[in-house]
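Engineer: Would you mind keeping the following structure in view while I ask a few things?
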Amino acid sequence: RYDGYLWELTNWMPGAATFWAAPSPRKLTNAMGALARFHRAVAPVEPQHDFAPAVATRQQRLAEWQAITADASWKHRIATNNRFEPQLTELLTWLPANLDPLKEALDQASRCSVPRQACLRDVWHDHILFQADQVTGVIDFGAMRVDSIATDIARLMGSLVGDDADAWQAGLEAYESVRPLSEEERSLLATLDWANLILAAANWIRWLCLEGRRFEDENAVQQRIEAILRRLQTRRDSFDLS
């Protein structure tokens, strides 16, 4: 505690988040192996089995978004954000067809009983550091809480490889070489990844249009929105992770 704040002091980890700039199968398998070793290291001896809190969180966020979109007048506010108006308008074209099917998928996922343990929850491209193909750091533990490890896997794999089914299979094999997945954990992955994608689109619309947030690095914002659009444009209805 210092100057009225709580501070966290950690080592500065070597390496950089280079997967998008220079992807490779080896990087992917090393990243998933590192995540599995983390999960194994922090797992309780006798974990509690219950629904995944991540599913409940996404159900709540989806319900909030559906309440927002019930009033069609809010769409006109997109025009007030000139720079991102084309991308945000395109995002809007993808949401209506996804909301109800996603709700059904989340309702079904809420009935899965899975082990609960400490999870990173915000493990994505920028938080996995590499030197060459080796993982040298996993950073930013600020969002940690007890959840299902499927939450971390879906977040990281969706961030790194999108909808590449072969890459998903390779990543899951690397993970399971360290920490096997149960059938219930595996069944959550596609739904959580889908929810992450749709709710990310909804969040950017809400932040930029409804809340009027301003971000210091607008180029980074545009890149994030365009990455979501690319996934929406290329995504199939589902792909098999079994």
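The values are calculated or read from the model by the stated rules, or taken from the named source; none is laboratory data. Since the model is a prediction, treat every value here as computed from it, not as a measurement. All Cβ positions, even for glycine, are placed from backbone atoms using ideal geometry, and neighbour counts span all protein chains on display. Ligands, DNA and RNA are stripped out before the accessible areas are found, and what is left, the full protein with its side chains, is counted by its heavy atoms. Shrake-Rupley method; radii C 1.70, N 1.55, O 1.52, S 1.80 Å.
Engineer: Would it be correct to say that T57 is among the polar types (S, T, N, Q), surrounded by 12 or more Cβ atoms within 10 Å (Cβ to Cβ) and either without any contact (Cβ under 8 Å) to a residue 60 or more places away in the chain or over 25 Å from R235 (Cα atoms) (or both)?
Structural biologist: yes
Engineer: Look through L91, L28 and report the one residue that is in contact with a Gly (Cβ under 6 Å, 6 or more places away or on another chain) and assigned to a helix (DSSP H, G or I).
Structural biologist: Just a single option satisfies the conditions, and that option is L28.
Engineer: Test of understanding: among R155, R58, R83, R121, which residue is on the phi > 0 side of the Ramachandran plot and basic (K, R)?
Structural biologist: Residue meeting the stated conditions: R121.
Engineer: Another question about this same structure. Quick check: anything in the range 122-143 among the hydrophobic types (A, V, I, L, M, F, W, C) and in contact with a Gly (Cβ under 7 Å, 6 or more places away or on another chain)?
Structural biologist: Yes, because at least one residue in the range 122-143 is among the hydrophobic types (A, V, I, L, M, F, W, C) and in contact with a Gly (Cβ under 7 Å, 6 or more places away or on another chain).
Engineer: Could you pull out the residue among L232, L208 that is in contact (Cβ under 8 Å) with a residue 24 or more places away in the chain and within 16 Å of the chain's Cα centre (by Cα)?
Structural biologist: The conditions single out L232.
Engineer: Return only the number of the condition from (1) open to solvent by 50 Å² or more (accessible area, probe 1.4 Å); (2) over 28 Å from I68 (Cα atoms) that D100 does not satisfy.
Structural biologist: (2)
Engineer: How about the range 147-162: which of its residues are of a type in the set (A, V, I, L, M) and within 11 Å of the chain's Cα centre (by Cα)?
Structural biologist: A150, I153, A154, L156, M157, L160
Engineer: Please specify each residue of the range 99-125 satisfying the condition of being in a helix (DSSP H, G or I) and over 21 Å from A202 (Cα atoms).
Structural biologist: Q108
Engineer: What number of residues in the range 1-25 are over 21 Å from I128 (Cβ atoms) and either in a loop (DSSP other than H, G, I, E, B) or basic (K, R) (or both)?
Structural biologist: Residues that pass the stated criteria total 6.
Engineer: Quick test of your reading of the structure: A132 fulfils all but one of (1) aliphatic (A, V, I, L, M); (2) surrounded by fewer than 19 Cβ atoms within 10 Å (Cβ to Cβ); (3) touching a Lys or Arg at 6+ places or on another chain (Cβ under 8 Å). Name the failing condition by number.
Structural biologist: For A132, the exception is condition (3).
Engineer: Here's something else I'd like to know. Determine whether the range 69-78 contains at least one residue that is of a type in the set (V, I, T), more than 24 Å from E218 (Cα to Cα) and buried (at least 17 other Cβ atoms within 10 Å of the Cβ).
Structural biologist: no
Engineer: For the condition modelled with pLDDT under 95 and closer than 17 Å to R58 by Cα, what is the one hit in P86, P96?
Structural biologist: Answer to the check: P96.
Engineer: State whether one or more residues within the range 13-22 are over 26 Å from C119 (Cβ atoms) and either at pLDDT 95 or above or of a type in the set (G, A, S) (or both).
Structural biologist: yes
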